[in-house]
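Note sheet for the following structure.
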Amino acid sequence: MSYLEYRVKTIPTGWRKVLFMNWGLIALIIGAAFSGFAMLISVAGGNIEPWASAQMQRFSIGLLAMFVIAMTPIWIWRNVSVPIYMLALILLLLVEFLGSTGMGAQRWINLGFINLQPSEVAKVALVMLMAAYYDWLPADKVSKPLWVLVPIAFISLPVLLVLQQPDLGTSILLLLSGVTVMFLAGVHWIYFGTVIAFASGFVLALFKSRGTEWQLLQDYQFSRIDTFLNPDSDPLGAGYHISQSKIALGSGGWTGRGFMEGTQSRLNFLPEKHTDFIFTTIAEELGFIGTISILAIYVGIVIFCLHSALRHTERFSALLTLGLTTTFFLFFAVNMSMVMGLAPVVGVPLPLISYGGSAMLVLMGTFGLIQSAHVHRPRGNV
Amino acid sequence: MWQKSNIVSYRHFRTARRGLLVGGLQLGFCGLLAWRMHHLQVEKAESFRLVADENRINLRLIPNQRGEIYDRNGIKLAGNEASYSITMVAEDAGDIDLILERLSKLINLSPEDIERSKAELEQSAKFLPVTIVDRLERDAIEKIAFNAPMLPGVNPEIAFSRTYPLGEIFAHVVGYVGPVSSRDLELRKDPDPLLRIPRFQIGKVGVERELETTLRGKAGTKRVEVNALGRVMREIERKEGSKGANLKLTLDTNLQAYVRARLGNESASVIVMDCNSGEILAICSSPAYDPNKFVRGISFDDYNTLRDDNRRPLASKTVQDAYPPGSTFKMVTILAALEAGIINHREKIRCNGHVEVSNRKFHCWKRDGHGNVDLVKSLRESCDVYYYELAQQVGIEKIAEVARILGLGKSFNIEMSAVTAGIVPDKLWKLNARSREWVVGDTVNSSIGQGYVLSSPLQLAVMIARIATGNEILPRLIKSINGVEADKAPSKLNLNTNNLNLIRKALFEVTNDKRGTAYHSRVLDKKSQIIGKSGTSQVRNISAIERTLGVLENKDLPWEQRDHALFVNYAPYHDPKIAVSVVVEHGGSGSTVAAPIARDITLQAIYRGTPPITAYPVEDRATIYNQQRDLNKLMPKTTKSSKVQA
């Protein structure tokens, strides 16, 4: 559907757009962000410095960006998908050469006012490009092998670059969100069935190869897998993060130890307590009630987005919203699985809550795009 | 525009269908997350909370003060003295070298101290205090406090260390404390966690050791919260410990100090006992050592000097050494004969200076013999042959039985280290210990306290106290624990009172009859007359050749080969109060060496201080006067000032 085809009457224009924004979604986002501020204050021992204040500034900027993006018509975003994807690739290449190293991996580019993490930008850019590609591609060609190879190339480029940093967590997220858009766009089941079958076969082979002459992984890599599968086997070494995080989670009980009373995080038993492991602090201090509330907020966000997506008749909007929702879902699902010992420790923050600039800004941009699609949806009688 | 898109309803349907599937999977996964949360946080909450508490809560011990030890009059024998030390916290100090250099200008710091401190500061965590130097004087601490701004991270600290104000006077009884050794820990089944505190001290010898748990009390504990690095964040709970119990001993400091001074450098032991209650008034082993040196950590040189001294200052001779009792054992033999009804006091035995038993000659100390000897004379003049003859009739079993009734041959339950049982030999004992049959010669030897018979000075004191009272006196060292006194009236001995009276009468003549062996150690004052028996026990065999050539005098022998001099006595004759036993190792004759010591000490005990010179026989008064004056100078002046209510 092109600009000209929109019946101007049915699409909100001007400041009236604000009325058509998904306000329920905005309320949930603000709720999540404020929980994050509270926890950042708590892990700083009751101080707004150093984390909460910076996080608040970023959230304000993010909120502003979200409105600006939401006000911008969705077809403009569709049309700039390709340049944005190119830009993300260039940034990923840049970080490869002049990025700063943190936590043992090259992830950031210092832009002066912010340490930009290009892999975060890439997540959005990839989904945008994929949505635009399938919007452009005629429906009958979607499952043709040649037209399946093209999006695979789109996905592979950023995934390989991020893997190079190395950041396994983000590259898996990229891969999953890209493949999800392919699936949503209607690529035939057979492709996915084949890939899943091969992947399972490969993983099986990997484990079977252990201890044989054709061993596929190094011993240390196997030991990492062991640590994930049984963190208690090495509680002070490789399994330390998982063990301590499970202890913090478990010791919360129903209602937790109380705000700012968490001993595991307060006493530094927990690593990365203000970033990737902030969920454990919530769990310890606010208990099951706190964690289930956070999960409820996330589920609410996902439901709002799904609801919005399923009402889109416009293909780009539907794929974009579903793709970005999946990205968001993967964020918190992977983070929570990690701290609860369901997934290996990979560097994925808890969206909207963990301390971090790039992730916050990119997330708010994501919601801006979802809002833009929502606002600019043709409506019956307006 | 890329391409004209057309709205195809089936496409929208497919997107919606797959969208619903993906959305459904996502929500399903959220359900899994919620279940996992519930599992971890609600179902397993208990166990995780425990682990979290173990993580953060550390139990620390607060050392408590050790109980103090007092004499019967409340004079402090062992106390706790505040001692100052300085510690340094590396992270507060910053430049450690600079601060140490400044410190060394203020106080005496040896290069070793500095070296050790630096090493410790480097090894331990940055926030833990490390002791730089301890046992500082007050003014050194004041200097440091005054210069505190220049010395960041340096903190003065007070600790309590054990002191023995009277030094060596009570060394063997009270003992001393020292750092816990790995052997100490091994010996205990379930050691008090206090013992694992670095620099903690426990009793090593004497009362300090034997009543260790009573004196130690209970340590306080504090539960502290620590972070992942072990730094203490806050104190959660504090449980104060209880101070160890204060002990009051039965000892009398003035008497003990007198005894210690009177013995001088002799290798000797003395016990003064209240012969009615068994309370030990003085128990002194000489020479002694300064227990304070052990608390501070004695130097190798000092220790080696003590260890290699042939007068054995480290040994607690009063209870851990057993000597042949010599003639002091004759009371046992004669009592056995009387109890067995073999002899009465009028029967006489002829002494020719020796007697032949199974082809062996046994000599009396008097070469020419005592002539006809009856019971009183046998004790008074200490005739050996009388006992040789008597013992063969009585037999060793009866002698051993009476010896045990009088307290020999078993160790007493007294709060001192290594209390010996001595030996009261009988046929079974020899078979077990020596794997040989008992022969008559053994009985003959035993009858005069030679041969296998061994008894400690404490046992001899108990023996004479039992003879004096006819009661089963048991020695007591502890008057009260935390003010609680446990008194037990002694029971009657299973001995005929008439027989005991006969012996007492004979013993009276030993010291108060012109012919008595210890007549020159008599006391004129009726209220403090001493009644006792001397003993001279041989430590070497005298060969037949030596006997024909003339037995060597003690003064002509090397010290190690001289006889032990013994004397046991009680006083006064009627209504006995004090029992004394004196053993002077290699001192020579009991009547000339041990008896005068016993007399001086007995008088001192009865008069509770310096006795009047008129109590002594006229011929001794000049010597005694000088001796009293000399000894008074040696008595500790601080005994009165350190008197504290126990």
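Some values worked out for this structure:
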{"read-out": "DSSP bridge orientation in chain B - percent antiparallel, rounded to nearest 5", "value": "95"}
{"read-out": "Gained length - residue B:105 relative to residue B:626, 0.36 nm times residue gap less alpha-carbon distance", "value": "182.4 nm"}
{"read-out": "Calculated FRET efficiency for the pair residue B:552/residue B:356, C-beta based, R₀ 30 Å, to 0.05", "value": "0.80"}
{"read-out": "Average partner coverage of A:283-290, which counts Cβ from other chains inside 10 Å", "value": "3"}
{"read-out": "Average partner coverage of A:249-259, which counts Cβ from other chains inside 10 Å", "value": "5"}
{"read-out": "Dipole-positive endmost among B:84, B:104, B:124 within the stretch B:84-162 (Cβ charges, Cα centre)", "value": "B:84"}
{"read-out": "Candidate aspartates and glutamates for bridging to residue B:44, where Cα separation is under 14 Å - those fewer than 8 sequence places away on the same chain excluded", "value": "A:284"}
{"read-out": "Neighbour cut-off at most 11 other Cβ (10 Å), DSSP loop, trypsin sites (Lys or Arg not before Pro), the stretch B:210-306", "value": "none"}
{"read-out": "Nearest 10 degrees, 0 to 90: helix B:384-394 Cα axis against chain B principal axis", "value": "70"}
{"read-out": "Modelled FRET efficiency - R0 60 Å, residue B:124 with residue B:21, Cβ distances, 0.05 increments", "value": "0.50"}
{"read-out": "Full-extension gain in nm, residue B:303 to residue B:514, via 0.36 nm per residue minus C-alpha separation", "value": "71.2 nm"}
{"read-out": "Inter-probe distance in nm under a simple model that places probes 7 Å from Cα toward Cβ, at residue A:140 and residue B:240", "value": "9.6"}
{"read-out": "Spatial extent of chain B: Rg and Dmax, with the Cα atoms as the point set, Å", "value": "36.7, 154"}
{"read-out": "Chain lengthening between residue B:157 and residue B:188 when straightened (0.36 nm per residue, less Cα-Cα)", "value": "8.0 nm"}
{"read-out": "In the stretch B:492-541, the trypsin sites (Lys or Arg not before Pro) that fall in loop regions by DSSP, at most 15 other Cβ within 10 Å", "value": "B:514, B:515, B:540"}
{"read-out": "Cα-based reach from residue A:123 at 14 Å (exclusive), listing aspartates and glutamates while leaving out same-chain residues under 8 positions away", "value": "A:167"}
{"read-out": "Local electrostatic count, residue A:320, Cβ distance below 11 Å [Lys/Arg +1, Asp/Glu -1]", "value": "0"}
{"read-out": "Number of partner chain Cβ atoms within 10 Å, mean per residue of A:183-189", "value": "3"}
{"read-out": "Sorted largest first, extent of the stretch B:267-376 alpha carbons per principal axis (Å)", "value": "63, 39, 21"}
{"read-out": "Violating pairs (Cα-Cα greater than 24 angstrom) within the set B:248/B:488; B:410/B:430; B:398/B:488; B:293/B:317", "value": "B:398/B:488"}
{"read-out": "Distance violations [Cα-Cα > 20 Å] among B:479/B:577; B:330/B:505; B:366/B:427; B:348/B:505", "value": "B:366/B:427"}
{"read-out": "Angstrom value of the Kirkwood radius, inverse mean 1/r, which spans all Cα pairs in the stretch B:157-246", "value": "15.2"}
{"read-out": "Under 17 Å from the Cα of residue B:239 - aspartates and glutamates, other chains or at least 8 residues apart", "value": "B:192, B:225"}
{"read-out": "Loop sites in the stretch B:327-362: GluC sites (Glu not before Pro), DSSP, at most 16 other Cβ within 10 Å", "value": "B:347"}
{"read-out": "Computed E for residue B:345/residue B:525 - FRET, C-beta separation, R0 35 angstrom, nearest 0.05", "value": "0.80"}
{"read-out": "Selection from A:53, B:394, B:21, by position along the positive dipole direction of the protein assembly as shown (Cβ)", "value": "B:21"}
{"read-out": "Lys, Arg +1 and Asp, Glu -1 on Cβ, resulting dipole of the protein assembly as shown about Cα centre, debye, nearest 20", "value": "1960"}
{"read-out": "Cα-based equivalent ellipsoid, the stretch B:84-162: semi-axes from gyration tensor eigenvalues, Å", "value": "18, 14, 12"}
{"read-out": "Over 21 Å between alpha carbons, listed pairs B:204/B:243; A:246/B:222; B:222/B:243", "value": "A:246/B:222"}
{"read-out": "Pair-distance profile P(r), taking every C-alpha pair of the protein assembly as shown, with 20 angstrom steps and integer %", "value": "11, 27, 18, 14, 14, 11, 5, 0"}
{"read-out": "Pair residue A:259, residue B:543: separation of 7 Å Cα→Cβ label points (nm)", "value": "10.3"}
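Computed from the coordinates by the stated procedures, all read-outs in this text should not be read as laboratory data. The structure presented is a predicted model; accordingly, all values stated were derived computationally and were not measured. In this analysis, Cβ positions are derived from the backbone assuming ideal geometry, glycine residues included, and neighbour counts consider all displayed protein chains.
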